[in-house]
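One structure below.
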Amino acid sequence: MPQRQKQDKPASRNRASSLQRRLETLAYQNGADFFGVADLVPVREFIVNQGGEMVGGFPLGISIGMRISDTIVDSHSPDEKHGLSLYWWHVYSVITPMLDVLAQRVQQELKAEGHRTLHVPGSMPYNRKTLKSLLPHKLAAHLSGIGWIGKSCLLITPEFGPRVRFVTVLTDAPLLPGKSLDQTCGKCSRCIEACPVQALKGIEFRPEDPVESRFDTRKCEQYRSTNPCGLCVAACPFGRPAGNKESRD
């Protein structure tokens, strides 16, 4: 029996890595720029409190991200109106639906292997009273090692900064999770300066602190109800194209 256990463990890891490679290949072949796996067990209490037992009933989250067009982000203006905003259209009518279709395909692959799974939509329903979603996609992306949560309360990737949209697929499949990045925004305060309603407080992310300590969600929501704002995304120097970078100090 002990000898069989030693043989089963490598076999189990091989099956997990084989499935993970398949899912990762599927994601990248269909337009994804990021693929990561997050261990959600340590943050289960937070997830249950925010999204409920159904969302909190999965040990892992697959985070899939797609890059937002630099041309569109760089041309984004505070004067844009919802009906005429190329930025808003690109993010919510192009990138987000693409991510949802891809997440559904990943979910189908997992189901075919007999695993439980839940696709959390890219623009998910959220509580109108608390303005909190079922599950922050940036949480899964952060825990998977794709990036860190910046002063803007956005997920910041080393490659493209916050110019990325994410979707999450929850599962109980035996995948191998990554590790969160130990990085911060440093002295940079570009997003705080760019916010038209001063919703950002300039405080670095700490998992034990409530989001209210860093971000006034209500101010942001009220402004975005009439303005297609992504100015904190455009202002961040991380991920800016060559020739369009500014100092982060």
Can you find a residue that is in contact with a helix residue (DSSP H, G or I) (Cβ under 9 Å, 6 or more places away or on another chain) and among the acidic types (Asp, Glu) anywhere in the stretch 183-203?
yes
Quick check: is even one residue across the stretch 123-130 of a type in the set (A, V, I, L, M, F, W, C), part of a loop (DSSP other than H, G, I, E, B) and closer than 18 Å to GLU221 by Cβ?
yes
Only one residue in ASP209, ASP172, ASP182, ASP216 is in contact (Cβ under 8 Å) with a residue 60 or more places away in the chain and surrounded by fewer than 20 Cβ atoms within 10 Å (Cβ to Cβ). Which one?
ASP172
Of all residues in the stretch 92-117, how many are buried (at least 18 other Cβ atoms within 10 Å of the Cβ) and either free of Cβ contacts under 8 Å to residues at least 12 places away in the same chain or in a strand (DSSP E or B) (or both)?
1
Just one listed residue, out of ALA27, ALA16, ALA32, ALA38, is among the small types (Gly, Ala, Ser), surrounded by 12 or more Cβ atoms within 10 Å (Cβ to Cβ), at pLDDT 95 or above and in a helix (DSSP H, G or I), and it is ALA27
Matching residues, the stretch 147-204, being in contact with a Phe, Trp or Tyr (Cβ under 7 Å, 6 or more places away or on another chain), within 25 Å of PRO228 (Cα to Cα), of a type in the set (A, V, I, L, M, F, W, C) and part of a loop (DSSP other than H, G, I, E, B):
CYS153, VAL197, ALA199
If a residue must be within 19 Å of the chain's Cα centre (by Cα), closer than 19 Å to THR157 by Cβ and aliphatic (A, V, I, L, M), how many such residues does the stretch 170-215 contain?
2
Leading residue by the ranking (modelled with the lowest pLDDT) among those in the stretch 42-61 that are in a helix (DSSP H, G or I) and over 28 Å from ARG163 (Cα atoms)
ASN49
Residues of the stretch 121-165 being surrounded by 23 or more Cβ atoms within 10 Å (Cβ to Cβ), over 24 Å from ALA194 (Cβ atoms) and in contact with a helix residue (DSSP H, G or I) (Cβ under 8 Å, 6 or more places away or on another chain), which ones?
LEU135, LEU143
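The values are calculated or read from the model by the stated rules, or taken from the named source; none is laboratory data. All of these numbers come straight from a predicted model, not from anything done at the bench. Positions of Cβ are generated from backbone atoms using ideal geometry, with glycine treated the same way; all protein chains shown enter the neighbour counts.
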